[in-house]
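Here the structure comes first, spelled out in structure tokens, and everything after it is commentary.
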Amino acid sequence: MGQIMDDYRVQAGTRLKVVQRASGLTQNDLAAVLGITRHTVSALCRGEQGMAIKYLVPLAVALKVSPAYLAAASEQEAKLA
């Protein structure tokens, strides 16, 4: 189960990084929205830290995507979101 969660975090982090860059927002901008440090946002984008549920909706709103898109376990699921 550990490898599955590691893979999920990396996929979700990559998706977050792509959307964040496309939005024009910086990691500092997202950190301010979430009330966390830029370092924590960077860890989320690298998949080193799992995305807490409490961050999902504020991130989705800031990035103008659905929470389901950010939380999708695969690109196939993300396309359905």
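Considering the convex hull of the alpha carbon atoms of the chain, report its projected area averaged over all viewing directions, in nm², one decimal.
4.7
Compute the helix-to-body angle for 53-63: its Cα long axis versus the longest principal axis of the chain, expressed 0 to 90° and rounded to tens.
60
Taking the dipole about the Cα centre of the chain, with the C-beta of Lys and Arg at +1 and of Asp and Glu at -1, give me whichever of Ala31, Gln11, Leu56 is farthest to the positive side.
Ala31
Every number in this text was worked out from the coordinates using simple rules, so none of it is lab data. Quick caveat, the model's predicted, so the values are computed rather than measured. Neighbour counts run over all protein chains shown; Cβ positions are idealised from the backbone, glycine included.
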